[in-house]
Structures are given as structure tokens and as C-alpha cells.
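Notes to accompany the following structure.
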Amino acid sequence: MSTAESSRFVRIRVELVLEVDDADAVTKSALRRIADEAEMPASERAHAESAVTEDTAEALAYLVDPFDLVSQVPGVELQQASWSSERVDYDPDSPEWDLDEDDGDDSDG
């Protein structure tokens, strides 16, 4: 594959930290989305309902779809996406949560 061909593909990395103020609303929304999927097999539906009911992070992962982020962008087609969710301890003042850490700017030296 030439450089011109490979440069057509762009990887965008996004990390979101969400504060859940209403876990019930998130869970109910995920359950509605599952109910709306008429083509989903019963066994898969039962597994999805169980997962989103037991864990708000799973409910969010079910609701957040990378395709939705780019579906309206002209001239692009989503080729591959993966995402996961997990509960985290968040401290915005901690250096661990510095969003600029991967920008390539080494201002320490």
C-alpha cells in the first residue's frame, strides 16, 4: 500500500469521562434502545438487558455509538470502531487526568 493510499485512513482516539447524575435514566434509556431493536434474538436481548440493568457503565456503552459521532460528517465512512466502558475514580486535579499528556509537547525539559 502506498503512502497516498494509507493516508486516506485516520484514527481518532477519544476518551470521555462522564458523570452519571441519574443512573436510572441511563438504564431506562438503554432498555428502551434494546426493546426497539426488533431484529435482536431473544437470547442476545436477555443478555443485553441483564448487562445494562446490572451496570450503568454497560448501559452507557450500549447507548454511546461511535457511528453516531461520524454519521453526519461528509466524505467519510466509518471502517472500524471499538469502545468499552468502565467505572473510574475521577479527580480532575490529579496529574493522571491531564488531557494534554499525549500531545507530544515535552515542556519538562
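The values are calculated or read from the model by the stated rules, or taken from the named source; none is laboratory data. These numbers were taken from a predicted model, which means no experiment stands behind them. Heads up, the Cβs are rebuilt from the backbone with ideal geometry, glycines too, and the neighbour counts pull from every protein chain shown. Only protein heavy atoms, including side chains, enter the accessible area calculation; ligands, DNA and RNA are left aside. Shrake-Rupley method; radii C 1.70, N 1.55, O 1.52, S 1.80 Å.
The calculated FRET efficiency for the pair Trp83 and Ala51, based on their C-beta separation and a Förster distance of 22 Å, comes to about 0.90. Using θ = phi - 60° in the Karplus curve 6.51 cos²θ - 1.76 cosθ + 1.60, the 3J(HN,Hα) couplings for the range 66-77 round to x, 4, 4, 5, 10, 4, 9, 7, x, x, 10, 9 Hz; x is entered for Gly and Pro. Calculated FRET efficiency, Val70 to Leu16, Cβ-Cβ distance, R0 = 22 Å: about 0.90 to the nearest 0.05. Dipole check for the range 18-65: with +1 at the C-beta of Lys and Arg, -1 at the C-beta of Asp and Glu, and the Cα centre as origin, the magnitude is about 160 Debye.
Report in % the part of the accessible area of the range 18-65 that belongs to carbon and sulfur, leaving out ligands and nucleic acids; probe 1.4 Å. On the range 18-65, the fraction of accessible area on carbon and sulfur atoms equals 49 percent. Converting the Cα gyration tensor eigenvalues of the range 18-65 into ellipsoid dimensions via √(5λ) gives semi-axes, longest first, of 19, 10, 8 Å.
Karplus-derived 3J(HN,Hα) values for the range 8-22, using 6.51 cos²θ - 1.76 cosθ + 1.60 with θ = phi - 60°, are 6, 9, 10, 9, 10, 9, 10, 10, 10, 10, 10, 9, 8, 8, 9 Hz; glycine and proline are entered as x.
When the range 18-65 is described by a simple charge dipole with +1 on each Lys and Arg Cβ and -1 on each Asp and Glu Cβ, the residue from Ala57, Val20, Ala42 located farthest towards its positive end is Ala42.
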